[in-house]
1. Does the range A:101-109 contain any residue that is within 9 Å of another protein chain (Cβ to nearest Cβ) and open to solvent by less than 30 Å² (accessible area, probe 1.4 Å)?
2. If A:Val93 meets every condition in (1) touching a residue at least 60 places away in the same chain (Cβ under 8 Å); (2) within 14 Å of chain B (Cβ to nearest Cβ); (3) open to solvent by less than 70 Å² (accessible area, probe 1.4 Å); (4) more than 16 Å from the ligand (Cβ to nearest atom) apart from one, which number is that one?
3. Counting only residues that are of a type in the set (Asp, Glu) and surrounded by fewer than 23 Cβ atoms within 10 Å (Cβ to Cβ), how many does the range B:95-126 have?
4. In this structure, does A:Tyr132 turn out to be within 12 Å of chain B (Cβ to nearest Cβ), at pLDDT 95 or above, surrounded by 14 or more Cβ atoms within 10 Å (Cβ to Cβ) and under 28 Å from B:Pro227 (Cβ atoms)?
5. For residues that are touching a strand residue (DSSP E or B) at 6+ places or on another chain (Cβ under 8 Å) and more than 28 Å from B:Cys94 (Cβ to Cβ), scanning just the range B:46-60, find the one that is most open to solvent (accessible area, probe 1.4 Å).
6. What pairs can you find where one residue is in the range B:136-148 and without any contact (Cβ under 8 Å) to a residue 60 or more places away in the chain, the other is in a loop (DSSP other than H, G, I, E, B), and their Cβ atoms are less than 6 Å apart, with a gap of 6+ or different chains?
7. Scan the range A:72-88 and tell me whether some residue there is out of contact with any helix residue (DSSP H, G or I) (no Cβ under 7 Å at 6 or more places or on another chain), in a loop (DSSP other than H, G, I, E, B) and in contact (Cβ under 8 Å) with a residue 60 or more places away in the chain.
8. Filtering the range A:38-90 down to residues that are among the acidic types (Asp, Glu) and away from the ligand (no atom under 16 Å from the Cβ), which residue is farthest from B:Val154 (Cα to Cα)?
Amino acid sequence: MEERPFSDISYEQYLREGKLMGSRCRKCGALFVPPRSICIACYSSDMEWVEMKGKGRLHAFTCITVAPPFMMEQGYDRKHPYCSGVVDLEEGVKVDARIDGVDATKPEDITIGMPLQVKFLHWGEGESQQTYLAFQPV
Amino acid sequence: MQRKRKLGRGVAVVGAGMSKFGMFRDKDSKDLFAEAFREMLESVDKGFDPNDIDALYLGNFTNDFFIHQAHWGPIISDLIGLAPKPATRTEGACASSALAFREGVFAIASGFYDIVLVGGVEEMSKRTTEEVAEGLALAEVPYEARVGFTFPGVFGALATAYFKKYGANREHLMNVTIKSHSNAPLNPKAQFPFSIKDMMNMKVEGAKKKGKPVPSWDDEKGFLRDPGANPVVAWPMHLYDCCPISDGGACMLLVGEEIAKNFSDDPLYIVGIGQGSGKGLHAAADLTTMEATKNAADEAYGMSGLKPEDIQFSEVHDCFSIAELIHIEDLGFFKPGQGYKAVEEGLTRRDGPMPINTSGGLKCKGHPVGATGIGQLFEVWKQLRGEAGERQVPKKDLRIGAAHNLGGTGGTCTFTILERR
Ligand SMILES: [Zn+2]
């Protein structure tokens, strides 16, 4: 695997390429998603990239009605809420993600523990294209 | 095991002031701080010369964003005639002024200064709700904001985790809101000095005046269940689970313990002071607890030698209703998973065994973020000195009170214990 710095910038680059990547400490095996360049378990800087399988379960979530401006640009508002959540990955770590493919107007129907599959949401075009980590029900 | 914390020199609070909190089109940050400063001057029992103040520590979070002006230390220093003495701004999101308080305490404890003014100010109401949400999200963990989490959104997610783990539900959050609103009418400085019943009557009167259909609800919970009256913000956080957008200022005068009686007949002593930091949603082992609060509590309890059951009342950072439940458990007032039951049983009412947020809390008193930390300590000052008027905690021998302040989504937490001797 190519050597990119273990940084948020690299993490975002990988998301644009459709990969959910973390860093693993070669010394003690600790796994970090998003990546860390310094292992906070043993303070080694000897890290390697690992790709997540993209499978997980919903740990916690919210359905947001009062959206920040960048989400309003994407069409979300008080009538069109969206869901954001925390996902337990199969690899044993958690990530923050958009939760897609659920009805955010019916939060009662969204259940903690439901199995999820990774999805990459792209917004905009060219240089300014943004990619958001998302998960959807299997 | 942490080394026992202690101050190199005792520090006391000898004066305190707070502006009214609210949304003020016609007042700016300087006006709000001046209001707090004037009250602080009057509160020093034996009087003092403001020229004797050695330094200012001032908390402010997002005036840079909200009103496009940063660097508030010297602006406020000049306002109160302190310049050219040192003025330092502290930023810890919604815990900014609790950090100013700590810096002031440490400056005196080190022996460098004797008399320090600590304060906070924030001016938020000149922006739209969406813009305020964007401004506050500056204090989130970057990965949270990136995927659309707002402040209410993060606490909404914490609520779903708490519900799942302990079997609580929205009705339990309503108990927190109803309790806070029952204290608020007794606080003349509160942004919303109204009970939920008052709010219901206001809605009915408003509808009558406008000739609209008059709504009716069976009781307070009926009102809070009505999406027309209490719309969702970030499920399960609804409007009445969230603190308002506020403007306000607050300050306190700190002095070395050995000179406290030169200023005040009834100084309060800082017996416990703690702080912690947190990692954010994705890195937290358990979303129903905050490690930053626990670290702050360990430091403060460790320093004071006190236990949670020794604290007679406390202000806690109820930016959202669920936050109050999490904090009263993390601070040890109630066991994990028992907070919602304690509130349901009325244990946290003003006349209960463990009064929480007698001021009405952030929910009703208001939350001008940079002023909140010292605003909470102002309530402890009033209560311990027996000056809280109608909302005075009805306990005999009130001696020990505390305040818990939180910044961001749990990134910075503080816990401060004050004692009246
Ligand atoms: Zn390691």
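1. Yes, the range A:101-109 contains a residue that is within 9 Å of another protein chain (Cβ to nearest Cβ) and open to solvent by less than 30 Å² (accessible area, probe 1.4 Å).
2. (4)
3. Counting residues in the range B:95-126 that are of a type in the set (Asp, Glu) and surrounded by fewer than 23 Cβ atoms within 10 Å (Cβ to Cβ) gives 2.
4. no
5. It comes out as B:Asp52.
6. Going by the 6 Å Cβ cut-off, the qualifying pairs are B:Ala137/A:Pro68; B:Ala137/B:Thr150.
7. No, because not a single residue in the range A:72-88 is out of contact with any helix residue (DSSP H, G or I) (no Cβ under 7 Å at 6 or more places or on another chain), in a loop (DSSP other than H, G, I, E, B) and in contact (Cβ under 8 Å) with a residue 60 or more places away in the chain.
8. Restricting to residues being among the acidic types (Asp, Glu) and away from the ligand (no atom under 16 Å from the Cβ), the top hit is A:Glu51.
The values are calculated or read from the model by the stated rules, or taken from the named source; none is laboratory data. Everything numeric in this text was worked out from a predicted model, so none of it was measured. A quick note on method: Cβ atoms are made from the backbone with ideal geometry, for glycine too, and the neighbour counts reach across all protein chains shown. Note: areas computed on protein heavy atoms with side chains; ligands, DNA, RNA excluded. Shrake-Rupley method; radii C 1.70, N 1.55, O 1.52, S 1.80 Å.
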